[in-house]
Amino acid sequence: MSLETALESLKVLFKDKPDALTVFDLKSINSEYLKDKLREEKLFTSPINLWVTGRTGAGKTSLGNSLLDSKIMKSTGNIDCTDFVGFFKLGENLRYYDVPGYASDGSYENINRVALLMPQIEEEDADPPALKMEDTDTFPVKDFSDCKSPKDKPEIETVNVGQWQSPEQQKYVAPDVIVYVNAPHMQFLQPDTKYLRQILQTWKTRKTPCIIIPALNLFEKDGKSLSTPENLEDAKTRIAKIYQKVCGDEWHSPIIEINSEKGTGIEQLTDLICQILPQEKIGNMQQVLKDDLKQHAEKEHVNRYYRTLCLIAGRLARYTSDKKLDGQNLYQAAASAISSYGVMTFKGADAVTEIKTQLDSIAEQVEQVEKSRQEDITKTENVMGEKDITHVVPKTEDVEIEYEESHIEMKKETVNETIWVPEAVKEERKTQHLVEVEKTRTKERGKFSPARLFGSTTYEKDYIDHETRTLTHDEMVIKQVEKNVSRDQFIPEVVKELKTRTENRIVGYEEEVIDTVQVVVAQVDKVVGTKHLKGGYPVIEFLVGLGLAMKHFCHDDSPDFSISMSHGNLIAEQKLSKLKSKIEQLMNDPNGEPELIRLLEKALVNKENNIC
């Protein structure tokens, strides 16, 4: 698959996002930026009236809707549906006027001619007839300035022809610039020649200066232009002749190319307006065109490239590694498409052939990534072998056994022993007895005893007292007396005798084979297929690294693709490694693709664009 066809083939996987792989050029980015600026900011110092006219179906109303970023003005593209003068303000000082087309409905065309102060047409035999409008006739003017969606109703004012064409009204509505829109694929016919000549003649003779800019509106279908090179050349030639015939050698506007539906060509149109208008009216517009536009374009150019890169990586990583695209491995096709997309984005389509010889090293990386997303499918198989069925049998032999045999023998012994025997013995006994004894004691006489008179103070008195007396006598008692005696006794004694005998004993055991069977002796894993995994983190890292490498290669003064690839891989790893677990989590989520792409964009897209 060639680089040129790889990008187209990859679009098959993005049918839900038909513009996803569109290579954005700086012109389309500049146009979008300018439209935003025109809608939001005060770029011109004083009011500028921009009128757009052309044949019915040429795309003039679509151009206005593109500037508004909303299809608020009805347009079918084939019949004249505009029967009014449309008006809206962009920013503060840009006024846009849209008029009915010509060469369709004559009465509608006369509203166009009246509004632009041109000669009217009168065709009574036409269907419907085209009648001239008198000064008292009226037509609607619809102001779409406050409309945000097609459902919003414009402010409608009905004005009469005389009022509109009066000097007082013309001070407010007279055009500063008229854009004449022609669709080359519709061919440049006689009505176009007549109308363009008349509008040039009308505004050439007016005191109020007004420049008419011819714009070729290049319609597209399925991404391809409807206009052939011959259509373009014919329209340019015819328009140039009419300008030469009416304006002679005077300066006149060059022919520009636009796409009213996409809004491309706005930059060239704005640049022309700045060249045409007096300096005092331009204001900040030139600053926007020279500096702001360039900075924005470069930044947005890279950011869109990164967003597309994230979209490709985020979606393709969810496919399994065996996915084919036009017969080629998906990852190889994706690598070719990203290479082509990168070169076309940063260098242009003509530079694609220059990169082909540099891409040989990618194939090896693709193969490594593909192998990393494959697993062997294995089947466990048994390795068979023979096994003996055995049983254990005893092994016997005659053995000489020694053993002891015991018997009891009585042995006579003399035993000396001491015994106690009773014996009568006389012993002296002493006993204590209490006996009465007579005794005398001296007592003192009483004080009044008569004996005291004779000098006797005491006297003797006998009394009986008791005393203990010891008495001794002999007594016979029986006592145990120790005596030594001898006697004979018989004691049993065990007598052991050593004998021998012969026995048949088990001396061991041995295995005896009784059968042989087939058994599993081992198990081995045999590869029977390949399981293809989703691309996952490895594919995302590879594709993002390749995309960053292409940008680095295209911007390097001395490009070396191997160096650029190393650079891209390094940056991709730095940016994505910390998100690996989250990426793998989203890979397993059936509805995780949008969140995955947002996660990648958050890692890559930033305001400074300082990734590489």
I need the shape label for the range 42-283. Rule: rounded when a/c is under 1.5, else prolate if a/b > b/c, else oblate, with a, b, c from the alpha carbon gyration tensor.
rounded
Dipole magnitude of the range 42-283, debye to nearest 20 (Cβ charges: Lys/Arg +1, Asp/Glu -1, about Cα centre)
540 debye
So, by mean Cβ neighbours within 10 angstrom, what's the order for 535-542, 316-323 with the highest one leading?
535-542, 316-323
Of Leu586, Val507, Ile276, farthest towards positive along the dipole that unit charges on Lys, Arg, Asp, Glu beta carbons give the chain
Ile276
List the aspartates and glutamates whose Cα lies under 13 Å from the Cα of Lys221, skipping any in the same chain that are fewer than 8 positions away.
Asp19, Glu261
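Considering only the chain, what is the antiparallel percent among its DSSP beta bridges, to the nearest 5?
Numbers: 89 of 112 bridges.
Just about 80 percent of them are antiparallel.
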Residue separation times 0.36 nm, minus the C-alpha to C-alpha distance between Val485 and Thr158: what's the value?
100.6 nm
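Only sites in a loop by DSSP and with at most 11 other Cβ atoms within 10 Å count here; which chymotrypsin sites (Phe, Trp or Tyr not before Pro) in the range 376-462 make the cut?
Values: sites: Tyr403, Trp420, Phe448, Phe454, Tyr459; in loops: Phe448.
Answer in residue order: Phe448.
Ignoring everything except DSSP H segments at least 4 long, calculate the 222 nm mean residue ellipticity for the chain; use -39,500 (n - 2.57) per segment, divide by total residues, nearest 500. Present the calculation step by step, with values, prior to reporting the outcome.
Details: 18 runs with 217 residues, N = 612.
One gets -11000 deg cm²/dmol as the mean residue ellipticity at 222 nm.
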Setting aside same-chain residues fewer than 8 positions from Lys580, which aspartates and glutamates have a Cα under 17 Å from its Cα?
Glu541, Asp589, Glu593, Glu595, Glu601
Mean separation of Cα contacts under 8 Å (6+ apart) over length of the range 385-524, as relative contact order %
52 percent
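May I ask you to list the trypsin sites (Lys or Arg not before Pro) in the range 455-540 that are in a DSSP loop and have at most 12 other Cβ atoms within 10 Å of their Cβ?
On the way: sites: Lys461, Arg469, Lys479, Lys483, Arg487, Lys496, Lys499, Arg501, Arg505, Lys526, Lys531, Lys534; in loops: none.
Nothing satisfies the criteria.
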How tilted is helix 229-247 with respect to the longest principal axis of the chain? Cα atoms for both, answer in degrees (0 to 90, nearest 10).
50 degrees
[x] 65.1, 218; [y] 26.4, 91; [z] 23.3, 86: which one is Rg and Dmax of the Cα atoms in Å as calculated from this entry?
[x]
Unsatisfied cross-links (Cα-Cα over 28 Å) in the set Lys171/Lys262; Lys347/Lys578; Lys262/Lys534; Lys89/Lys224; Lys60/Lys347; Lys11/Lys531
Lys171/Lys262; Lys347/Lys578; Lys262/Lys534; Lys89/Lys224; Lys60/Lys347
Loop-only GluC sites (Glu not before Pro) in the range 171-257, please: DSSP not H, G, I, E or B, and at most 16 other Cβ atoms within 10 Å.
Glu250
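What FRET efficiency comes out for Ser558 versus Gln368 if R0 is 35 angstrom and r is the Cβ-Cβ distance? Round to the nearest 0.05. Mind dumping the intermediate values first?
Details: r = 27 Å, r/R0 = 0.78.
Efficiency for this residue pair is about 0.80.
Given Cβ point charges of +1 (Lys, Arg) and -1 (Asp, Glu) and nothing else, what value in debye, to the nearest 20, does the dipole of the chain about its Cα centre take? Walk me through the intermediate numbers first.
On the way: 81 positive and 103 negative charges, 597 e Å.
Roughly 2860 debye, rounded to the nearest 20.
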Computed from the beta carbon distance with a Förster radius of 41 Å, FRET efficiency for Asp465 and Glu427 to the nearest 0.05 stands at 0.80
With label points built 7 Å along Cα→Cβ from the Cα atoms of Tyr403 and Thr205, find their separation and express it in nm.
15.8 nm
For the range 385-524, just say rounded, prolate or oblate: build the C-alpha gyration tensor, square-root its eigenvalues into a ≥ b ≥ c, call rounded for a/c under 1.5, and beyond that prolate if a/b exceeds b/c, oblate if not.
oblate
Return the long-range amide H neighbours of Tyr102 (sequence gap of 5 or more, or a different chain), with a cut-off of under 5 Å between placed amide H atoms.
Gly54, Arg55, Thr56
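Throughout, read-outs are computed from the coordinates displayed, never taken from laboratory work. Since we're looking at a predicted model, the values are computed, not measured. Positions of Cβ are backbone-derived with ideal geometry, glycine not excepted, and every protein chain shown enters the neighbour counts.
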